[in-house]
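For reference, the structure discussed in these notes is given below.
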Amino acid sequence: MQSIYIAGAGSGSGKSVVVLGFMELLSAINRRVGFFRPVVSRDVHEDNLTTLIRRRYDLPFPADALYGATAEQASELVAAGRYDQLLKRILDKYMLLDEQCDIVLCAGTDFDGLVPSLEFDFNADLANNFGCTTVVVVKGFGRSPDEALHAVHMAHESMLDRCGDLLATIVNGVDPDFVELIKRRARAVLPANETLYVLPETEALAKPTIGEINKMLGGDCLCGEDDALNQVVTNYRVAAMEIPDFLNYIEDGSLIITPGDRSDIILASLAADVSAAYPRVAGLLLTGGLQPAENVQRLLMGLRRNKVAILSVPWDTFQTALAVNRVESTILPGDERKIAAALGLFEQNVEIKDLQQRIAVHHSERMTPLMFEYQLVHRAKAERKHIVLPEGSDERILRAAEILTLRGVADLTLLGDPDKIRRRIGELGLQLADIPIIDPVTSPKRDEYAAIYYELRKHKGISEQMAHDALEDVSYFGTLMVHTGDADGMVSGAAHTTQHTIRPSFETIKTKPGTRLVSSVFFMCLADRVLVYGDCAVNPNPDAEQLADIAITSAGTAAAFGIEPRVAMLSYSTGESGKGEDVERVREAVRIARARRPDLKLEGPIQYDAAVDASVARSKLPDSEVAGHATVFIFPDLNTGNNTYKAVQRSAGAVAIGPVLQGLNKPVNDLSRGCTVTDIVNTVTITAIQAQTAAQE
């Protein structure tokens, strides 16, 4: 298996985006992936890119195994004329890592001036010595098409001189107006078998965040909520004048640089940020090592919510402004917005399937949580669906919407008061300017939906006025959007109860033909596989018929998401050994399910250990094709299922995605009120895939 070397063709190529895109691609394939940097600046723990990759992809290797040498060590060896010794040192460490992996992604040197003699040829030498295929990243930022193509030509010349094996060339940061021109001209001059991709420059990645500036300047964060450090800085303003004049110079996304004793500027900046009459302030950078007055600090600490980070540095204002001006945008660990923007940019402009085929990685049955989430995203992107989010003013919903939009997972619509939601988007500094927002109270669709709802429910005694009143509710409005085809699916529940979320769908969308009830599953992502648990959220005490229905529906859900269904109907005994009302109910459910779906691989009653452990299965059910290899687990009641999924989630560190509702004609999914942004992203992605499946059916 040939590993991959990402080499920048010069400084400022922005290869971190490419490294992240390739790591995402490789980690979604069933292989043990390693990451390696030939040279790090000082300490591998201070290397942003290594830390980002280690944390995001949970690499099981010690940090010291992921690099070859520090810049100081490399400089000393080169200066002493021991270049070959440097190559050998790096190669030895690379080979130790390579032996533990199926494939290694290498990220070449940064051209940051620490080792001036280590340029593109050095990276080409390393790629050859490692036996890697190379991806060359060429800087497009600020270059004309002629300049960018000349850089591509020079990089290719260097590769040919070194006899390198080239996988692809990526021109990064090109003016969007030049993208097609560069593609067309490159095709005319490059050999037919060489692949070139062009990534356009994007505002989401072009500007540094408060956290990046703080890290590069080595500042102290005096206050500000966690996400305050992820605010993008679009400009900076040195504040030395009086308040009335200063306020005229604030622009959206400003970093305010001012001496630490200017309490008036500090308070005016915070007031401007929350004022609807002034633009958003990205952050404050206090200079001179000065702290705000004690009573001002107490005021700041007492703010119930402060999304403006306040940083402090020891230098004077002039030095600080020069340093800020030199900070280049990067991607810090934990900055989910920039990570999503980078992955979205990569995936939209690179032919992923073609790269996967060229890398020639073969799939196995191993499935990690990241692989599963990656596959979900790419399935959703393949045929984008329209998902409505009724809780449009919830911060978690808005942050998830930004990530989903940046990655191109689905088309989204928010419900709620447009003015309040737009103001909230602005306060959070999110990139959602074009997202549609509908107010159910004033929407021209309200009357149409109310008439439809009345026709569906008039047999239950509701009046036309009651129907019209119901459509003021975001859950009913969103559900009617799905029912009428104005949206393909709905996700809610971050701020509403389960009943509030799903009752309208029971009344309007209803169940699929042949399905007797709505149930739920959780996708339980363990370290090396994904299991399906049902029903852990909806039906408290299903009878035998309902259990059979849950089993059949859950098997269909598993298959729809690429998991081969091997169904275990769980009970406190295995096979014919147990007696009692509860086990007999499961036994009857197995009989019903087998009669309805004789093609299903299904076993029960069976205990959990016999369902998952092959050694236990051999002693309890030696002839079963499900025992020891089950992928779908059907619990006998809600109490057992809900407690088991939470126990596995907390004790085994599993990622639990769900609950995913199944059995409806069109997808509606419920969130937990304690859900995270990641939970929302996953649930929307799954809902989009369910909508694809429903459309195919």
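So if I place +1 on the C-beta of Lys and Arg and -1 on the C-beta of Asp and Glu, and nothing else carries charge, what would the dipole magnitude of region 589-697 be about its Cα centre? I want it in debye, nearest 20.
160 debye
Using only Cα atoms and rounding to the nearest 10 degrees, what angle (0 to 90) does helix 581-596 make with the longest principal axis of the chain?
For 581-596 against the chain, the angle is about 80 degrees.
Output ³J(HN,Hα) for region 337-346: one whole-Hz value per residue in order, computed from phi by the Karplus curve 6.51 cos²θ - 1.76 cosθ + 1.60 with θ = phi - 60°, and x for Gly and Pro.
5, 5, 4, 5, 5, 5, 5, x, 4, 5
On C-alpha positions alone, give me the angle between the axis of helix 263-274 and the longest principal axis of the chain, in degrees, nearest 10.
So the inclination is approximately 40 degrees.
Label ASN349 and SER577 with points 7 Å out from Cα along Cα→Cβ: what is the distance between them in nm?
6.0 nm
Could you work out [θ]222 nm for the chain from helices alone, using -39500 (n - 2.57) per DSSP H run of at least four and dividing by all its residues? Round to the nearest 500 deg cm²/dmol.
Using -39500 (n - 2.57) per qualifying helix, the result is -13500 deg cm²/dmol.
Run the numbers for ASP543 and VAL441: contour at 0.36 nm per residue of separation, minus the present Cα-Cα distance, in nm.
Going from the current span to full extension adds 32.6 nm.
Using a 1.4 Å probe, what is the accessible area per residue for region 180-266, in Å²?
The answer is 48 Å² per residue.
How much accessible area per residue does region 619-697 have, counting only protein heavy atoms and a probe of 1.4 Å, in square angstrom?
40 Å²
Treating only the Cβ of Lys, Arg, Asp and Glu as charged (+1, +1, -1, -1), what charge dipole size does region 1-111 show about its Cα centre? Round to the nearest 20 debye.
That gives a dipole near 180 debye.
Please get the size of the charge dipole for the chain, origin at its Cα centre, with Cβ charges of +1 on Lys and Arg and -1 on Asp and Glu, quoted in debye to the nearest 20.
So the magnitude is around 1260 debye.
Can you figure out the FRET efficiency of HIS150 with ASP419, using R₀ = 41 Å and their beta-carbon distance, to the nearest 0.05?
The value I calculate is 0.25.
For SER275, what accessible surface area do you get with a 1.4 Å probe? Give it in Å², rounded to 10.
SER275 exposes around 40 Å² with every protein chain in place.
Work from the charge dipole of the chain (Cβ charges, +1 for Lys and Arg, -1 for Asp and Glu, about the Cα centre) and give the residue of HIS629, ILE266, PRO292 farthest towards its positive end.
Looking along the dipole axis, the top candidate is HIS629.
Pull out a ≥ b ≥ c, the square roots of the eigenvalues of the alpha-carbon gyration tensor of the chain, then state rounded if a/c is under 1.5, prolate if not and a/b is larger than b/c, and oblate in the remaining case.
Judged from the Cα gyration tensor, the chain comes out oblate (a/c at least 1.5, b/c at or above a/b).
How many nm separate the modelled label positions at ARG457 and ASP261, each set 7 Å beyond the Cα in the direction of the Cβ?
Roughly 6.6 nm, to one decimal.
Tell me which residues come under 5 Å, amide H to amide H, from ALA487 once H is placed; ignore anything under 5 positions away on its chain.
VAL482
Relative to the present Cα-Cα distance, how much length would full extension add between ARG82 and GLN649 at 0.36 nm per residue of separation?
Answer, rounded to one decimal: 198.9 nm.
Going by average Cβ neighbours within 10 Å, how do the peptides 82-88, 143-149 rank, with the highest at the top?
143-149, 82-88
By how many degrees, 0 to 90 and rounded to 10, does the Cα axis of helix 145-161 deviate from the longest principal axis of the chain?
90 degrees
Accessible area per residue for region 479-546 in Å², computed with a 1.4 Å probe and the full protein assembly in place, what is it?
I get 34 Å² per residue for region 479-546.
Please list, in chain and number order, the residues 5+ apart from LYS512 or on another chain whose amide H is under 5 Å from its amide H, with Hs placed from the backbone.
For LYS512, the qualifying residues are LEU664, ASN665.
Of all accessible surface on the chain at a 1.4 Å probe, what whole percent is carbon and sulfur?
Roughly 49 percent, rounded to a whole number.
Take every DSSP beta bridge whose two residues both sit in the chain, then give the antiparallel share in percent to the nearest 5.
20 percent
In nm, to one decimal, how far is the modelled label at ASP528 from the one at ALA433, with both set 7 Å along Cα→Cβ?
4.9 nm
Kindly state, to the nearest 0.05, the FRET efficiency for TYR249 paired with SER11, given R0 = 45 Å and r defined as their beta-carbon distance.
In this case the efficiency is close to 0.90.
The values are calculated or read from the model by the stated rules, or taken from the named source; none is laboratory data. If you're wondering where the values come from, they're calculated on a predicted model, not measured in any experiment. Virtual Cβ from ideal backbone geometry, glycine too; neighbours counted across all protein chains shown. Surface accessibility is based on the protein's heavy atoms, side chains included, excluding ligands, DNA and RNA. Shrake-Rupley method; radii C 1.70, N 1.55, O 1.52, S 1.80 Å.
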